[in-house]
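The values are calculated or read from the model by the stated rules, or taken from the named source; none is laboratory data. Predicted, not measured: the structure shown is a model, and the values here were computed from it. FYI the Cβ positions are ideal-geometry reconstructions off the backbone, even for glycines, and counts take in every protein chain you see. Areas reflect the complete protein model, heavy atoms only, side chains present, ligands, DNA and RNA absent. Shrake-Rupley method; radii C 1.70, N 1.55, O 1.52, S 1.80 Å.
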Amino acid sequence: MSLHYTETLRGSYFLVESPDDVRTCEISVNVCLPRPKGVVQEVEAEMSGSASFDRLSDNAPIAGTLRMRWIRPRRVDYQFAFVAQDGRALQFRGAKHPSLLRPLYTATTLWGTVHEGDRAIAMVSLHFDLRRDLVAFLQSLDRQRGDDTR
């Protein structure tokens, strides 16, 4: 079986060249997490969805991976590619750092960067709003039987 869900994160970003110009952003990710075979320390999922970065992209389709690491240091890595309004190929790279000392904050906060090639062009701070989006997230959870299960 695999697990499917949709997560919406909203926040702000700024271009590295103009840090005082803070802009809004929102990503909606659809995750397909395969059931791990045996005991694993890390699992990788496929990610699709859309990304909106004010004055950079508007509801641009995304494709990438989400990697969950269970052992220390615990991390949930988000990486996806998208195309800017001006046609540039961009990539988002970010991570959540789950901690038992601050479980809500660390599970709902995603820090990242937007890259053009190897160069970081923007710094991003995204948050999952429990009050606004928890019900939609829970409704999106779906376990699907795959061909590899018996």
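Any residue that is open to solvent by 20 Å² or more (accessible area, probe 1.4 Å), modelled with pLDDT of 95 or more and assigned to a loop (DSSP other than H, G, I, E, B) - is there at least one of those in the range 91-99? Give the steps one after another, and end with the answer.
First pass over the range 91-99, keeping only residues open to solvent by 20 Å² or more (accessible area, probe 1.4 Å): 91, 93, 97-99.
Next, only the ones that are modelled with pLDDT of 95 or more stay: 91, 93.
Among the residues that remain, those that are also assigned to a loop (DSSP other than H, G, I, E, B) are: none.
No, that holds for no residue.
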Mind checking whether some residue in the range 114-133 is in contact with a strand residue (DSSP E or B) (Cβ under 8 Å, 6 or more places away or on another chain), of a type in the set (Asp, Glu) and closer than 17 Å to GLU7 by Cα? yes
Taking ASN30 as the residue in question, decide whether it is closer than 26 Å to MET123 by Cα, in contact with a strand residue (DSSP E or B) (Cβ under 6 Å, 6 or more places away or on another chain) and free of Cβ contacts under 8 Å to residues at least 24 places away in the same chain. no
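Go over the candidates SER2, SER48 one by one and state the one that is surrounded by 14 or more Cβ atoms within 10 Å (Cβ to Cβ), farther than 18 Å from SER125 by Cα and modelled with pLDDT under 95. I'd like the intermediate steps shown before the answer.
Details: SER48 fails: modelled with pLDDT under 95.
The match here is SER2.
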Kindly evaluate VAL83 against the criterion of being open to solvent by 60 Å² or more (accessible area, probe 1.4 Å) and either in contact with a Lys or Arg (Cβ under 7 Å, 6 or more places away or on another chain) or among the aliphatic types (A, V, I, L, M) (or both). yes
Looking at the range 22-39, which of its residues are farther than 18 Å from ASN59 by Cβ and open to solvent by 50 Å² or more (accessible area, probe 1.4 Å)? VAL22, PRO34, ARG35, PRO36, LYS37, GLY38, VAL39
